[in-house]
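Student: Submitted below is the structure of interest, expressed as structure tokens.
The values are calculated or read from the model by the stated rules, or taken from the named source; none is laboratory data. The structure presented is a predicted model; accordingly, all values stated were derived computationally and were not measured. Neighbour counts are summed over all protein chains in view; Cβ atoms, including those assigned to glycine, are modelled from backbone coordinates with ideal geometry. Ligands, DNA and RNA are excluded from the accessible area calculation, which covers all protein heavy atoms including side chains. Shrake-Rupley method; radii C 1.70, N 1.55, O 1.52, S 1.80 Å.
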Amino acid sequence: MLGRRVTLRDVAEQAGVHPSTASRAINERTRSLVDDQTVDRVLQAADRLGYRPDTLARGLKTNRTFTVGMLLPDLTNPLFPPIVRGIEDGLERAEYTVILANTDNDSDKERTVLRALLGRRIDGLILATAQREPPPAIRELIAARLPMVLVNRTMDDQSVSSVSGDDRHGIRLAVEHLVGLGHTRIAHVGGPQRTSTGLTRHDSFVESMSRCGLDVDADLIEFAHWFREAPGAEAFHRLLTRRPDVTAVVAANDLIALGCYDVLVERDLTVGTDVSVVGYNDMLFADKLCPPLTTVRVPHYQIGLRAAQLVLDEIGERSTEAVQLRLPASLVERASTGLPRDAR
């Protein structure tokens, strides 16, 4: 077939079926309408001929672009690559492509990026940038019923489908781990409370401390203005200055935990010996830190896969109600946590 594009009709002739049958066999959404032997014959023919669906032609027939936009707040955050990979793999099965855009946590840039994506007539949107109270631009898209799914975030009114880890349970595991080691002066460096992740993890910390019979001292809680290493270090520095007796800290994510490492090193304190540190997410290379970080593992790839399926369901109008999925979190114990220094 060199010299011209392989068409669906070529595949149909090779497989000995009508072009409409070949189309249904190749499309995952309609494959169940064709018997298994015919599907195998068509797929083998497509593979032999090197057939690739003509997305533009298909889009003209269906009034779709077969693209989904995704907004990321910080492309450099190691949390996002496995989520994006899951989304890509999930969309690829339906012959969709994801268009990534980074907002740098800038609301003006987010509006600009949204306009650009809408100009490309995306069929759906996956947001990792959502605030608990979304800005007007997102509200307008919700009102316009653009298929939309949140990852790693929720909105207060739960009007949009979302997929995230079970943050409440994850933080409980972190607190119970430290209490089990004998810690009582446990601090929390939380994330920004305008995000569901920051709020839920903070609320769970307070609830978990109370459940373990420990007083919740406001002096032992400090908030970073974002989920990054430098803001985490600034927040933990403020906390330790007023409460140097802290023996353990639960950070709102691994990057904030890394900031806690920085502060402890600056003060000639040893992570895991003088102060235990627990992170959240189990980001790539968390096990390579010195010492390796005890953290809460979240199934980020699975979050991406489920988000892709939800947005495809909304695009195909197979789902009309918002769905809130919470995937299980687990604790990974490493050398950044140990017995309290006054118990050694």
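Student: How much of residue 109 can a 1.4 Å solvent probe reach, expressed as accessible area in Å² and rounded to 10?
Tutor: Spelled out: residue 109, probe radius 1.4 Å, area about 80 Å².
Student: Just to confirm the number: angle between the C-alpha axis of helix 36-49 and the first principal axis of the chain, 0 to 90 degrees, nearest 10?
Tutor: In the chain, helix 36-49 runs at an angle near 90 degrees to the longest axis.
Student: Also: Using only protein heavy atoms and a 1.4 Å probe, report how much of residue 92 is accessible, in Å² to the nearest 10.
Tutor: Counting only protein heavy atoms, the figure is 120 Å².
Student: Next question. If you scale each eigenvalue of the Cα gyration tensor by 5 and take the root, what three semi-axes come out for the chain, rounded to whole angstrom and sorted largest first? Walk me through the numbers before you get to the answer.
Tutor: Numbers: eigenvalues 447, 87, 56 Å².
Three semi-axes, in Å: 47, 21, 17.
Student: Still on this structure: Report, by chain and number, residues whose modeled amide H sits under 5 Å from the one on residue 331, excluding near sequence neighbours (fewer than 5 apart, same chain).
Tutor: 297
Student: In a GNM of the chain with a 10 Å cut-off on Cα contacts, which of 326, 48, 64 has the highest mean-square fluctuation?
Tutor: 48
Student: How much accessible area per residue does region 128-185 have, in Å², with a 1.4 Å probe?
Tutor: Working: 2270 Å² over 58 residues.
I get 39 Å² per residue for this part.
Student: Put 260, 212 in order of accessible area, largest first, 1.4 Å probe: what do you get?
Tutor: On the way: 260 0, 212 45 Å².
Per-residue accessible area, sorted high to low, gives 212, 260.
Student: Which whole-Hz couplings ³J(HN,Hα) result when phi for each residue of region 128-134 is put into the Karplus expression 6.51 cos²θ - 1.76 cosθ + 1.60, θ = phi - 60°, listed in order with x for Gly and Pro?
Tutor: Here the 3J(HN,Hα) series is 10, 9, 4, 8, 4, 10, x Hz.
Student: Which angle from 0 to 90°, rounded to the nearest 10, does the C-alpha axis of helix 167-181 make with the longest principal axis of the chain?
Tutor: 30 degrees
Student: If DNA, RNA and ligands are ignored and the probe is 1.4 Å, what is the ranking of 243, 228 by accessible area, most exposed first?
Tutor: On the way: 243 40, 228 75 Å².
Sorted by accessible area, descending: 228, 243.
Student: Related question: Mean separation of Cα pairs under 8 Å and 6+ residues apart, divided by the residue count of region 272-336: what relative contact order is that in percent?
Tutor: Numbers: 73 pairs, mean separation 30.0, N = 65.
The value is 46 percent.
Student: Which FRET efficiency value, to the nearest 0.05, do you get for residue 184 and residue 237 by plugging their Cβ-Cβ distance into 1/(1 + (r/R0)^6) with R0 = 22 Å? Please report the intermediate quantities before stating the final value.
Tutor: Details: r = 22 Å, r/R0 = 1.01.
After rounding to 0.05, the efficiency reads 0.50.
Student: Specify the residue with the greatest mean-square fluctuation among 251, 22, 174, computed from a Gaussian network of the chain linking alpha-carbon atoms under 10 Å apart.
Tutor: The residue with the greatest mean-square fluctuation here is 22.
Student: I've got another one for you. Subtract the Cα-Cα distance of residue 99 and residue 18 from 0.36 nm times their separation in residues, and report this length gain in nm to one decimal. If you can, show how the numbers build up before the last one.
Tutor: On the way: separation 81, 0.36 × 81 = 29.16 nm, distance 3.42 nm.
Stretched out fully, the residue 99 to residue 18 stretch lengthens by 25.7 nm.
Student: Each residue of region 309-319 in turn: what ³J(HN,Hα) in whole Hz from Karplus with 6.51, -1.76, 1.60 and θ = phi - 60°, glycine and Pro shown as x?
Tutor: Taking θ as phi minus 60°, the curve returns 5, 5, 5, 5, 4, 5, 4, x, 6, 8, 9 Hz for region 309-319.
Student: Still on this structure, I have one more. Please compute the modelled spin-label separation between residue 265 and residue 108, points set 7 Å along Cα→Cβ, answer in nm with one decimal.
Tutor: Here the answer is 3.5 nm between the modelled labels.
Student: Using θ = phi - 60° and the Karplus relation 6.51 cos²θ - 1.76 cosθ + 1.60, list the HN-Hα couplings for region 182-199 in order, rounded to whole Hz, with x at every Gly or Pro.
Tutor: Those phi angles translate into x, 6, 10, 9, 9, 9, 9, 9, x, x, x, 7, 7, 10, 5, 5, x, 5 Hz.
Student: Determine the calculated [θ] at 222 nm for the chain from helices alone, applying -39500 (n - 2.57) to every DSSP H run no shorter than 4 residues and normalising by the residue count; nearest 500 deg cm²/dmol. Write down the numbers at each step before the final one.
Tutor: Working: 12 runs with 146 residues, N = 344.
Calculated at 222 nm, the ellipticity per residue is -13000 deg cm²/dmol.
Student: Using a 1.4 Å probe on the protein chains only, how many percent of the accessible area of the chain belongs to carbon and sulfur? Walk me through the numbers on the way to the answer.
Tutor: On the way: 8080 of 16120 Å².
Answer for the chain is 50 percent, counting heavy atoms of protein chains only.
Student: Lys/Arg Cβ at +1, Asp/Glu Cβ at -1, dipole of region 36-160 taken about the Cα centre: which of 37, 77, 125 is farthest positive-ward?
Tutor: Selected residue: 37.
Student: Kindly sort 216, 11 by accessible area of their heavy atoms, largest first, with the probe set to 1.4 Å. Please list the in-between numbers first.
Tutor: Values: 216 60, 11 0 Å².
Ranked list, largest accessible area first: 216, 11.
Student: About its Cα centre, how strong a charge dipole does the chain have in debye, to the nearest 20, once Lys and Arg get +1 and Asp and Glu get -1 at the Cβ?
Tutor: Working: 42 positive and 47 negative charges, 219 e Å.
It comes to approximately 1060 debye.
Student: May I pose another question? Under 5 Å between amide H atoms, partner at least 5 residues away or on a different chain: which partners does residue 98 have, H built in plane at 1.01 Å?
Tutor: Hits under the 5 Å cutoff: 68.
Student: Further, regarding this structure: Pick out, in residue order, every one of the chymotrypsin sites (Phe, Trp or Tyr not before Pro) in region 278-344 that is DSSP loop and has at most 12 other C-beta atoms within 10 Å; say none if there are none. Display every interim value, and only then the final one.
Tutor: Values: sites: 280, 285, 301; in loops: 285.
Passing sites in region 278-344 are 285.
Student: Can you give me the long-range amide H partners of residue 323? Hydrogens built in the peptide plane at 1.01 Å from N, cutoff under 5 Å, separation of 5 or more residues or another chain.
Tutor: Hits under the 5 Å cutoff: 161, 162.
Student: Pick out which of 150, 79, 220 has the largest mean-square fluctuation in a Gaussian network model of the chain, springs linking Cα atoms closer than 10 Å.
Tutor: Taking springs between Cα atoms under 10 Å, the residue moving most is 220.
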